[in-house]
Amino acid sequence: VHLIPVNPVREDGLNPKSRKRIMPDLLTEPPAIDPVYEAQVYCNIPTIAERSMEGHAPHYFKLVSVQVLIRHGDRYPLYAIPKTKRPDIDCMLVPSRKPSHPQLEAFIKHMSKGSAAQMDGSLSSLPHFPSHSLCEMGELTQTGVVQHLRNGQLLREIYISKHKLLPGDWAAKQLYLESTGKSRTLQSALALLYTFLPDFDWKKINVRHQWSSIFCSGSCDCPMRNHYLEEEQRRQYSLRVKNNDLEKIYVDMARIVGIPTRQLRASNPIDSLLCYFCHNVSFPCTKAGCINMEHFKVIKRHQLKDERERQEKKLYFLYALLATHPLLNQTVNRLQRIAEGKKEEVFVLYSAHDVTLSPVLSALGITEARFPRFAARLVFELWQDGKRPKEHFIRILYNGADVTFQTSFCKDHYKRSSKPMCPLEKFVNFVKRDMFLIFNSTSYYDACHRRAL
């Protein structure tokens, strides 16, 4: 479903009189799953200005912290379809080429001077922007850079210009930045920060390296998380082997390419085909024929069916709770410190992957959300009640839509409250206690080491 505001919102998304509550409108999308439409949403090609609901609150509320979890922008495939020519995509940044951004040229110049930045571990050896005339595997594209320049600009208009979250002379300690060790996540973070910060000063940029794609830091030892992930992978496999249409398509594609079906399947062709699709490049051909839109639709349709079944079966949800607890616990601890009056780390950016965002959405109970598109953003806002300064509330937004009341811990709160947000303590209780109830446990360690019944 699309999530739309109940009241009209201006183009810039800053209508202070809106009730800021989002309700699903079931009539805005095709009734049946349309794999081409869903693929276009996933590509997230920068076109019209985006509407967003970030930064909305009653006028007497004060915004005190924003934490943002992003997926990197558009990238070159991680896998190649054997015996086909790789998609011909240029990863040089060329401001005159579409899609572009008014600040792309200045961004390239500024990124070339980044020696003063402090980057943890392997991040210091990564390039600050993509620069190959034929993209390398997994490399961020110009589209990916532009997606995050736009994200940063949108968040700046709301959080800096309107809410003054950071002053013009902001200090390094007011930011917390963390990225996985891939060039695409670091470059996505830098693109967003470049258009977001009041002044992008390399001396104040300190990016921490996160070696785990689920951001579990020092709490990664969790045997039961791995158990549920293996069970989930078995479910995926079972669904795939039952899909006769999918098997026929794989057999046909393997014949065109001239390799065994098993080898084609192992090359994860949807990853590569999505790149052709998002960049409007013809699918690959051989002497035996061409991979075509029908092949693409069947594979994409299966992917969408898999996502739907994954939400219905609880295996992924159990995995997600254990996978995301360390990150959510870190988030809650930081929000509590800021609510107590600490002024550090008021803006947080985690630059991550679909395998980071997807379990977080699942763990929070936001089951209606689409699979994370390129440059997806999940935002946690912390607000202080001006009339009762000790009271703090959170709002959670996904790609600009308010999903606070889709969360399992705040689903019913809005029925009893006139405020369009959720009390901070509800989020705290969920992360510190309620996440473990389904495992019949009282702590993360216990849930991680207690055998499944």
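The values are calculated or read from the model by the stated rules, or taken from the named source; none is laboratory data. The shown structure was predicted, so the numbers you read here are calculated from the model rather than taken from an experiment. Ideal geometry is used to build each Cβ from the backbone, glycine not excepted, and the neighbour counts take in all protein chains shown. Accessible surface areas use protein heavy atoms only, side chains included; no ligands, DNA or RNA. Shrake-Rupley method; radii C 1.70, N 1.55, O 1.52, S 1.80 Å.
When only Cα pairs under 8 Å and 6 or more residues apart are kept, what is the percent relative contact order across the chain?
That works out to 24 percent.
Sort 231-240, 48-57 for me by packing, meaning the mean count of neighbouring Cβ atoms within 10 Å per residue, highest on top.
Result, highest mean Cβ count within 10 Å first: 48-57, 231-240.
Which whole-angstrom value gives the distance between the alpha carbon centres of the range 213-249 and the range 158-189?
Computed from Cα coordinates, the inter-centre distance equals 33 Å.
Name the residues of the range 263-295 whose amide N is less than 15 Å from a point 7 angstrom out from the Cα of Lys85 along the C-beta direction?
The answer is 276, 281-291, whose backbone nitrogens lie closer than 15 Å to the label point.
Let me spell out the model: positive unit charges on the Cβ of Lys and Arg, negative unit charges on the Cβ of Asp and Glu, origin at the Cα centre of the range 223-314. What dipole size does that give, in debye rounded to 20?
Roughly 140 debye for the range 223-314.
Out of [x] 22.0; [y] 19.6; [z] 24.6, which label holds the value of mean projected area of the Cα convex hull in nm² that was computed here?
Of the listed options [x] 22.0; [y] 19.6; [z] 24.6, [x] comes from this structure.
Give me Rg over Rh for the range 223-314, both radii from the alpha carbons and Rh done the Kirkwood way, two decimal places.
We get a ratio of 1.03 for the range 223-314.
For the range 76-96 and the range 330-400, what is the centre-to-centre distance using only Cα atoms, to the nearest Å?
Centre-to-centre distance over Cα atoms comes out at 34 Å.
In nanometres, what is the gap between the two model label sites at Lys162 and Asn226, each 7 Å from Cα along Cα-to-Cβ?
A separation of 4.6 nm, rounded to one decimal place.
For the modelled label position 7 Å from the Cα of His449 along Cα-to-Cβ, which residues of the range 187-228 have backbone nitrogen atoms closer than 20 Å?
Residues passing the 20 Å test: 216-228.
Can you tell me the order of 121-132, 394-405 when each peptide is scored by its average per-residue count of other Cβ atoms within 10 angstrom, highest first?
So the order, starting with the most tightly packed, is 394-405, 121-132.
Can you say what percent of the DSSP beta bridges in the chain, counting only those with both residues inside, are antiparallel? Round to 5.
60
Excluding ligands, DNA and RNA, what is the solvent-accessible area per residue of the chain at a probe of 1.4 Å, expressed in Å²?
Per-residue accessible area for the chain comes out at 45 Å².
Could you tell me which helices of the chain pass both thresholds, a Cα extent of 30 Å or more along their own axis and a mean Kyte-Doolittle hydropathy of at least -1.0, with helices taken as whole DSSP H runs?
315-339
What ranking do 311-324, 67-80 get when scored by the average of other Cβ atoms within 10 Å per residue, highest first?
By packing density, highest mean first, the sequence is 67-80, 311-324.
Which number do you get for Rg(Cα) / (2.2 N^0.38 Å) in the range 85-211?
Taking the Cα Rg and dividing by 2.2 N^0.38 Å, one obtains 1.05.
Keeping the other protein chains in place, figure out the carbon and sulfur percent of the accessible area of the range 223-314, with a 1.4 Å probe.
Result for the range 223-314: 48 percent of the exposed heavy-atom area is carbon or sulfur.
Just grab the label-to-label distance for Lys342 and Ser441, each label 7 Å out from Cα along the Cβ direction, in nm (one decimal).
2.5
Treating only the Cβ of Lys, Arg, Asp and Glu as charged (+1, +1, -1, -1), what charge dipole size does the chain show about its Cα centre? Round to the nearest 20 debye.
540
Hey, what number do you get for the chain at 222 nm if only DSSP H runs of n ≥ 4 count, each worth -39500 (n - 2.57), divided across all residues, to the nearest 500?
-11500 deg cm²/dmol
Provide Rg and Dmax in Å for the range 272-416, with only Cα atoms included in the calculation.
Taking only Cα atoms of the range 272-416, I get Rg and Dmax of 19.9, 72 Å.
Take the alpha carbon gyration tensor of the range 191-247, find the square roots of its eigenvalues, order them as a ≥ b ≥ c, and report rounded if a/c is under 1.5; if not, report prolate when a/b exceeds b/c, else oblate.
Taking the square roots of the gyration eigenvalues as a ≥ b ≥ c, the range 191-247 is oblate.
Which listed residue (Cys275, Cys285, Val298) has the Cα farthest towards the positive end of the charge dipole for the range 223-314, taking +1 on Lys and Arg C-beta and -1 on Asp and Glu C-beta about the Cα centre?
Working it through, the farthest residue towards the positive pole turns out to be Val298.
Can you figure out the FRET efficiency of Met137 with Ser282, using R₀ = 22 Å and their beta-carbon distance, to the nearest 0.05?
In this case the efficiency is close to 0.65.
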